[in-house]
Amino acid sequence: MLVRTETAVDHEAVREVLIDAFDGPDEALLVDLIRRSDRFVPELSIVAEVGGTVVGHILFSYVDLVADQTRQVLSLAPLAVAKKAQHRGVGRALVEEGLARCDRRREPMVVVEGIPAYYPRFGFEPAMDHHIDKPAHEVPDEAFMVYPLSSYDPKYCGRLVYPPAFHEANAIGP
């Protein structure tokens with residue numbers, strides 16, 4: 001398996017992986033919108049290849065934490081592995097590589113809305129333990145998590161606010 005930075009040539013393959021993994025186009029639309037936004041970080045859009053075929057993708061992009069001031073942090077959204085490649089370590093490889101890249105960039109943390117039984121194995125913790133409030137929409141407490149990186153600072157707290165790309169994807173999708 002090769003884990004590497006996504007290139008423009010990968011966009012259609014990533015779209016196919018996202019549609020397959022999530023049974024529809026919503027996350028593919030989200031990724032397209034984030035790529036066109038000022039919250040996109042090209043080196044944090046990562047693919048996994050097996051035999052020259054893209055089978056997985058992970059994206060980290062900027063979101064806001066709003067309290068006494070607004071601070072940007074990274075959000076992991078989405079993580080996708082094609083169904084035929086699931087349960088083979090692809091997701092793990094993508095998450096580990098992505099978190100390592102985020103840490104090398106000296107980012108303070110990564111937030112995720114995800115499967116509570118999956119993300120804690122990487123070190124994700126309940127966001128409420130770090131005084132980070134869920135966005136306005138309904139998210140179970142146990143599904144809203146944070147991964148403190150080596151540059152973590154407790155001043156990064158407040159309410160998570162998603163940028164327009166997240167709202168546009170929800171408004172446009174079914």
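Taking (1) farther than 15 Å from ALA165 by Cα; (2) in a strand (DSSP E or B) in turn, ASP68 satisfies each apart from (2). Restricted to the range 1-20, and to residues there that are assigned to a loop (DSSP other than H, G, I, E, B) and open to solvent by less than 80 Å² (accessible area, probe 1.4 Å), the residue that is farthest from VAL50 (Cα to Cα) is THR7. On the stretch given as the range 21-52, residues that are farther than 30 Å from ARG71 by Cα, assigned to a loop (DSSP other than H, G, I, E, B), of a type in the set (Gly, Ala, Ser) and open to solvent by 20 Å² or more (accessible area, probe 1.4 Å) total 2.
Inspect all residues belonging to the range 53-65 and state whether any of them is over 13 Å from the mean Cα position of the chain (by Cα) and either part of a loop (DSSP other than H, G, I, E, B) or at positive phi (or both).
Residues of the range 53-65 over 13 Å from the mean Cα position of the chain (by Cα): 53-55, 64-65.
Filter once more, so that each one left must be either part of a loop (DSSP other than H, G, I, E, B) or at positive phi (or both): none.
No, the range 53-65 contains no residue that is over 13 Å from the mean Cα position of the chain (by Cα) and either part of a loop (DSSP other than H, G, I, E, B) or at positive phi (or both).
Of all residue pairs spaced 6 or more apart or on separate chains, those with beta-carbon atoms under 7 Å, a first member in the range 156-170 that is at pLDDT 85 or above and a second member that is assigned to a helix (DSSP H, G or I) are CYS157/HIS130; ALA165/LEU30; ALA165/LEU33; ALA165/ILE34; PHE166/LEU30.
The values are calculated or read from the model by the stated rules, or taken from the named source; none is laboratory data. Everything quoted here is computed from the prediction, not taken from an experiment. Cβ coordinates were reconstructed from backbone atoms using ideal geometry, including for glycine residues, and neighbour counts include every protein chain displayed. Accessible surface is based on the protein model in full, side chains and every heavy atom, while ligands, DNA and RNA are left aside. Shrake-Rupley method; radii C 1.70, N 1.55, O 1.52, S 1.80 Å.
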